[in-house]
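Novice: This is the structure I have questions about; it appears just below.
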Amino acid sequence: MMELMNEITSFEPGSEEEKAVFRFAIEQLLLLLSPFSPHIAEELWEAIGNKPSIFEQPWPVWDEDAAKEEQIELVIQVNGKLRSKSMIPVGMSDDEVKKIALAIRGFRR
């Protein structure tokens with residue numbers, strides 16, 4: 001929820017479409033917040049002009065495809081010290097990852 005909040009606060013909507021996205025993000029955040037802080041979530045829900053109660057709204061739906069990562073960050077450490085970082089495709093085999101890690105800094109076995 002904090003990551004979503006950070007993205008929302010840094011977002012500056014310009015067009016009507018961006019304003020609709022901004023409102024959607026705020027509403028989803030309030031829905032996620034409502035079980036933890038029901039009173040303030042309800043107050044904020046009403047303050048942005050929504051009726052009926054936030055507790056009569058459906059829970060946000062999870063979209064597996066939207067959450068898929070295409071790349072991950074490979075962090076290379078030697079003796080607990082950060083040596084390098086590299087973006088690699090998801091699903092790469094362990095052998096391929098090892099080759100990349102060893103080639104990044106010219107490490108040898």
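The values are calculated or read from the model by the stated rules, or taken from the named source; none is laboratory data. Keep in mind that this is a model prediction, so the values were computed, not measured. Don't worry about glycine lacking a Cβ; one is built from the backbone with ideal geometry, like all the others, and counts go over all protein chains shown. SASA here: full protein model, heavy atoms, side chains in, ligands and nucleic acids out. Shrake-Rupley method; radii C 1.70, N 1.55, O 1.52, S 1.80 Å.
Novice: Can you tell me how many residues within the stretch 10-41 are among the basic types (Lys, Arg) and open to solvent by less than 60 Å² (accessible area, probe 1.4 Å)?
Specialist: Going through the stretch 10-41, the residues among the basic types (Lys, Arg) turn out to be 19, 23.
Subsequent filtering for residues that are open to solvent by less than 60 Å² (accessible area, probe 1.4 Å) retains none.
Looking only at that region, the number is 0.
Novice: Give me the pairs, please: first residue somewhere in the stretch 60-73 and modelled with pLDDT under 85, second residue anywhere and among the aliphatic types (A, V, I, L, M), beta-carbon distance under 9 Å, and either six or more positions apart or on two chains.
Specialist: Matching pairs, first to second residue: Lys68/Val90; Glu69/Val90.
Novice: I've got another one for you. Take the residues in the stretch 74-92 that are free of Cβ contacts under 8 Å to residues at least 24 places away in the same chain and aliphatic (A, V, I, L, M), then tell me which one is nearest to Pro35 (Cα to Cα).
Specialist: Val90
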